[in-house]
Amino acid sequence: MGAESGIPHSAPLTFRRVRDLKERVIGWALFSCAALSTLITLGIVGVLVTESFAFFRQVSIVDFLTDRQWTPMFQDPHFGIMPLAAGSFLIAIGAALIALPLGLMTAIFLSEYAGDRLRGVLKPMLEILAGIPTVVYGYFALTFITPLLRVVWPETDVFNALSASIVVGIMIIPTVSSLSEDALRAVPLALRAGAYGLGATKLEVSTKVVVPAALSGIIASFILGISRAIGETMAVTIAAGSLAQLTMNPLESVQTMTAYIVSASLGDTPRGTISYQSLFAVGMTLFIITFMMNILSQWVLARFREEYQ
Amino acid sequence: MATTHDIDTDGQDPALEARAVSVFYGDKQAVKEIDLVIPANKVVALIGPSGCGKSTLLRCFNRMNDLVAGARVEGEINFHGTNLYQDDVDPVEVRRRIGMVFQKPNPFPKSIYNNLAFGPKVNGFKGDLDGLVEESLKQAALWDEVHDRLSDSAYALSGGQQQRLCIARTLAVKPEIVLMDEPASALDPIATQRIEELIFELKKQYTIVIVTHNMQQAARISDYTAFLYMGELVEYGPTDLLFTNPSEERTEAYVTGRFG
């Protein structure tokens with residue numbers, strides 16, 4: 001009713017310029033907030049690219065990818081990424097061997113076996129694992145796990161890839177288990193009922209119906225977990241050491257890409273030198289690897305998504 | 001008290017015999033002391049308004065209620081002289097011998113072939129699996145439509161085909177009894193008709209207990225009908241009798257469409 005809203009019935013329409021302007025200002029303010037984080041990301045990538053570019057003007061990409069030595073501080077420096085990449089992958093593979101099965105089995109237990117009350121207790125406890133600072137994991141590896149390993153294999157180095165793998169594995173269990181559990185729980189109850197109705201046991205329902213139906217989510221959680229393991233820094237810097245060597249022996253000391261970045265940035269590497277720029281080249285490599293893994297997990301999720309009905 | 005008319009079991013042992021079956025969900029009693037004899041090789045329809053307990057009763061017959069948190073069953077259901085709820089009875093074996101088809105088609109996200117093969121495999125079937133798949137699909141009148149694309153996803157089938165696939169999947173386990181929980185309620189009239197024709201064929205070999213909302217459907221396909229209301233069995237007898245000359249006033253009111 002015109003009278004109730006205070007506008008006389010015969011009044012001409014008012015122009016809405018002022019209100020439009022207000023809406024537009026708010027729109028722009030929100031847009032700038034969204035734009036800021038995007039710009040920061042672009043800025044970081046920009047710095048990575050320009051500094052890496054400076055690096056690759058002095059070291060050819062072929063050398064970078066094929067040289068088997070990483071000795072940036074030597075008189076005759078070598079900049080082959082292989083030892084660092086191998087260190088990262090050695091630890092990521094070890095961590096994956098621990099975290100993927102444990103994480104998946106934990107997820108199956110939480111989703112299919114645990115009652116509501118037990119899950120209510122276990123899930124928060126598991127999430128605490130994700131909340132422990134990674135530096136604590138590093139010291140746990142160095143002071144607890146490594147001595148245990150040396151009891152079994154006395155030749156184990158003080159800094160070794162295996163203890164780092166173990167703690168990184170423990171660290172990424174929550175990532176794997178919680179994402180996998182989400183995927184398992186998203187499988188419709190009707191599918192479980194159908195399988196039970198055919199005389200399947202709980203184990204058969206879980207492993208032959210629910211897990212395959214949730215496979216895309218489970219694989220995505222695996223990729224994300226591995227990607228976290230490759231990017232993990234503090235624990236591996238402390239536990240795995242800083243000896244850039246090309247080895248597949250987990251009892252030896254290795255340096256990962258992340259650990260190199262830490263140790264090189266802690267020292268006073270002068271700006272503009274080749275070892276300063278090498279930081280960015282390694283950072284760029286790391287960024288490309290984790291970026292590709294994220295893309296891969298997105299692709300897996302989209303490609304293999306089961307359309308439940 | 002319920003009115004139960006003569007149930008002619010043709011001199012055979014009944015397929016199932018429920019005695020004083022009650023089901024509780026927490027404090028709520030969904031099924032109240034129902035006695036029901038299911039004759040072998042017949043189709044028995046359970047009808048009644050929503051929430052009358054007919055689906056709950058059906059799920060008692062193969063212990064699917066075990067999977068519902070907070071559900072409790074009292075009374076006994078005899079199957080070949082054994083109470084299904086006896087302590088030492090394995091519910092997994094019960095469900096293999098008494099199969100179930102659900103309201104909404106629920107094929108697994110697997111190929112047509114693997115949907116069929118799942119049941120036999122988990123039950124340790126050793127033999128000609130291909131032959132069993134073909135036989136079951138033929139029994140469910142689906143073979144002609146899918147024989148050249150068994151490796152396609154079951155989700156590529158239409159709703160009606162999916163439901164026949166689910167029936168075939170149940171038959172592949174070779175149950176004695178097939179329980180059907182409103183198997184056609186999510187389907188169009190033509191698909192519904194095909195399911196009904198199928199039920200007609202299947203009763204030659206199987207005992208079928210079907211829950212339905214649709215009274216015409218019950219009248220068309222069943223030999224016996226049980227009318228449930230608010231968790232109680234009101235009347236049970238030959239379908240013709242129940243629909244044309246029921247003894248209970250509530251039955252008459254329901255089948256003539258005065259409520260429900």
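Every read-out reported here was derived from the displayed coordinates using simple, explicitly stated rules and does not represent laboratory data. What you are looking at is a predicted structure, and each value in this text was computed from that prediction instead of being measured. Counting neighbours? That spans all protein chains shown, and the Cβs are built from the backbone with ideal geometry, glycine included.
Annotations
- Magnitude of the charge dipole for the range B:176-250, about its Cα centre and with charges confined to Cβ atoms of Lys, Arg (+1) and Asp, Glu (-1), is about 180 debye.
- Built amide H within the under 5 Å cut-off of A:V254, gap 5+: A:A161, A:L243
- Beta bridge orientation in the protein assembly as shown: antiparallel %, DSSP, nearest 5: 55
- Here the range A:2-57 is assigned +1 on the Cβ of each Lys and Arg and -1 on the Cβ of each Asp and Glu. Its dipole about the Cα centre then comes out at about 140 debye.
- When the Cα positions of B:L57, A:I145, B:A154 are compared along the charge dipole of the protein assembly as shown, A:I145 comes out farthest toward the positive end, with charges on each C-beta of Lys, Arg, Asp and Glu.
- The range B:1-111: C-alpha gyration tensor shape, a/c 1.5 cut-off, then a/b vs b/c: rounded
- Near B:H80: Cβ cut-off under 11 Å, other residues only, Lys/Arg at +1 and Asp/Glu at -1. The net charge is -2.
- Peptides B:190-196, B:165-171 ranked from most to least packed, by the mean per-residue count of other Cβ atoms within 10 Å: B:165-171, B:190-196.
- Counting Lys and Arg as +1 and Asp and Glu as -1 over every other residue whose Cβ lies under 12 Å from the Cβ of B:G53, the net charge comes to +2.
- Summary value for the range A:70-304: 30 percent relative contact order, contacts being C-alpha pairs under 8 angstrom separated by 6+ residues.
- Residue-count net charge about A:M171 - beta-carbon cut-off 9 Å; Lys, Arg +1, Asp, Glu -1: 0
- Chain B: angle of helix B:189-202 to the longest principal axis, Cα-based, in degrees nearest 10: 90
- Largest GNM mean-square fluctuation across A:V47, A:V18, A:V209, computed for chain A with C-alpha springs under 10 Å, falls on A:V18.
- Test item: Cα-centred dipole of the range A:70-304, Lys/Arg +1 and Asp/Glu -1 on Cβ, debye: 660
- Cβ-based charge dipole, the range A:70-304, positive-most Cα from A:P174, A:Q75, A:G120: A:G120
- CD proxy at 222 nm, helix term only [per DSSP H run n ≥ 4: -39500 (n - 2.57); per residue of the protein assembly as shown; nearest 500]: -16000 deg cm²/dmol
- For the peptides A:157-168, A:29-40, the ranking by packing is A:157-168, A:29-40, with the highest mean count of neighbouring Cβ atoms within 10 Å listed first.
- Of all complete DSSP H helices in chain A, those with a Cα span along the helix axis of 20 Å or greater and a mean Kyte-Doolittle hydropathy of -0.5 or more are A:17-58, A:82-108, A:116-131, A:161-185, A:215-231, A:274-303.
- Here the peptides A:269-282, A:123-136, B:57-70 are ranked by packing, the mean other Cβ count within 10 Å, and the order with the highest first is B:57-70, A:269-282, A:123-136.
- Axis of helix B:129-139 versus longest Cα principal axis of chain B: the two differ by about 50°, to the nearest ten degrees.
- Between helix B:159-171 and chain B: long-axis angle, C-alpha atoms, 0 to 90°, nearest 10: 90
- Shielding by partners - mean other protein chain Cβ count within 10 Å, residues of A:198-210: 5
- The mean number of partner chain beta-carbon atoms within 10 angstrom of a residue's beta-carbon across peptide A:186-197 is 6.
- Cα gyration tensor shape for chain A, rounded if a/c is under 1.5, else prolate or oblate: oblate
- Sequence-ordered 3J(HN,Hα) estimates for the range B:226-235 from the Karplus curve with 6.51, -1.76 and 1.60 and θ = phi - 60° stand at 10, 9, 10, 8, 6, x, 10, 7, 8, 8 Hz, glycine and proline given as x.
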